[in-house]
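The values are calculated or read from the model by the stated rules, or taken from the named source; none is laboratory data. This one's a predicted model, so the numbers in the text were calculated from it and none came from an experiment. Glycine also receives a Cβ, built like all others from the backbone with ideal geometry; neighbour counts cover every protein chain displayed. Surface accessibility is based on the protein's heavy atoms, side chains included, excluding ligands, DNA and RNA. Shrake-Rupley method; radii C 1.70, N 1.55, O 1.52, S 1.80 Å.
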Amino acid sequence: MGQTAAAILNYQLLEKQILDKEFSPVYLFHGTENYFIDKAIQLIDKHCLPEEEKSFNQTILYGESNKLNEVIESAKRYPMMSEYHLVIVKDAKKILQSKNGKEIELLISYLENPLSSTILVLGHLNGKMDARSKLFKALAKHSTMKSDAMRDYEVKSFVDYWLKKEAKNMDSNAIDLLVDYVGLDLYAIENELKKLYTAKGEKIITIKDVDEIVGFNRQYSVFELQKALGTKNFNKSIQIAHHMGNNVKSAADFIPSIGALNGYFEKVLKAQDLLRDQKNSSDIAKQIGVNPYFVGDYLQAAKSYKQSQLKNAFEQILMADMKCKGMHRGNQTNTEVWVDMVLRILQN
């Protein structure tokens, strides 16, 4: 089992408190890994109120459509024939970054003396709150959970966590292959795990099962793009890039793929160094942290790219990352951002 990610440990601590009915009057869930923020909100939603009490005692608000004063007013409302009034603010980032100083002060004032009968849940997706802010310091006096994005070496611990929670079994090599196929997207990993056990029942999942179920229909995934770039297959790389670009709702949807590409080229660079040291393929697989099933792809890329070309690849990936975050983009469409990056990697 790999190193357990902080996001998992933080969630498990929250889960124990909720299942023990140790509720806080205020919760802040924030960070760059949305998966556990969503799960934390679902956990409180499930265990705070019985279903028959929710119609009168649960209020759902949204950061994009509700105002901060509506959150405060809802938090001040007493429950009806129930112990608690539950107020959940989904995607609260916009509300919590309000420029209305008066409303922020009113929220801080509420946080200093919240109703014991209200449970206020703030789901701050896609980023951490500024720990230096007065608002965060007021929230931190209550219950906060930070959910940081996982690094590649931590993602296997998420699979271990999910398997234990669901009482399932999976071969360790199959876990490696699953992570190599799917990447760092926890929602996607969970979805593929569910597909595996739906297809294979309660058996121990093997590397063959993962290749058969998860590997199917991966023609246009970021991992197939990596393979095409690694062999400098120009036509296939552009074809995959076009398909990926045409199937995202926003440029921000590329960010997990950008992380995967950057990690891929980091491993290729490390493989180059190990080849110069005349390491064998099994040693290289172990040291760059990939399943031996895939190490040939990395060795091929290590031989295909000069160091200057790898430096250029990192520069193009960084530029695409900035464009996806709204910088230096001009009028480029999502597809043009992605295809331009691939072209510049291959044409150097």
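Looking at region 160-200 only, could you name the residues that are open to solvent by less than 30 Å² (accessible area, probe 1.4 Å), farther than 14 Å from Phe223 by Cβ and of a type in the set (Ser, Thr, Tyr)?
Once the filter is applied, which keeps residues that are open to solvent by less than 30 Å² (accessible area, probe 1.4 Å), farther than 14 Å from Phe223 by Cβ and of a type in the set (Ser, Thr, Tyr), region 160-200 yields Tyr161, Tyr197.
Kindly provide the set of residues from region 294-348 that are assigned to a loop (DSSP other than H, G, I, E, B) and farther than 29 Å from Ser281 by Cβ, ordered by number.
Passing the criteria: Lys325, Gly326, Met327, His328, Arg329, Gly330, Asn331, Gln332, Thr333.
Give the residues of region 201-252 that are aromatic (Phe, Trp, Tyr) and open to solvent by 60 Å² or more (accessible area, probe 1.4 Å), sorted by residue number.
Within region 201-252, the subset aromatic (Phe, Trp, Tyr) is 216, 220, 223, 234.
Phe216, Tyr220, Phe234 - these are the residues of region 201-252 that are aromatic (Phe, Trp, Tyr) and open to solvent by 60 Å² or more (accessible area, probe 1.4 Å).
Any idea which of Ala167, Ala92 is among the small types (Gly, Ala, Ser) and closer than 28 Å to Glu212 by Cα?
Values: Ala92 fails: closer than 28 Å to Glu212 by Cα.
Answer to the selection: Ala167.
For region 128-180, enumerate the residues that are of a type in the set (Asp, Glu), under 23 Å from Gly31 (Cα atoms) and in contact (Cβ under 8 Å) with a residue 24 or more places away in the chain.
The answer is Asp148, Asp152, Glu154, Asp160.
Could you say which residue among Lys236, Lys270, Lys232 is of a type in the set (Lys, Arg), touching a Leu at 6+ places or on another chain (Cβ under 9 Å) and part of a helix (DSSP H, G or I)?
After ruling out the rest, the residue left standing is Lys236.
For residues in region 155-186 being under 17 Å from Ser257 (Cα atoms) and among the acidic types (Asp, Glu), which is nearest to the chain's Cα centre (by Cα)?
Filtering first and then ranking leaves Asp185.
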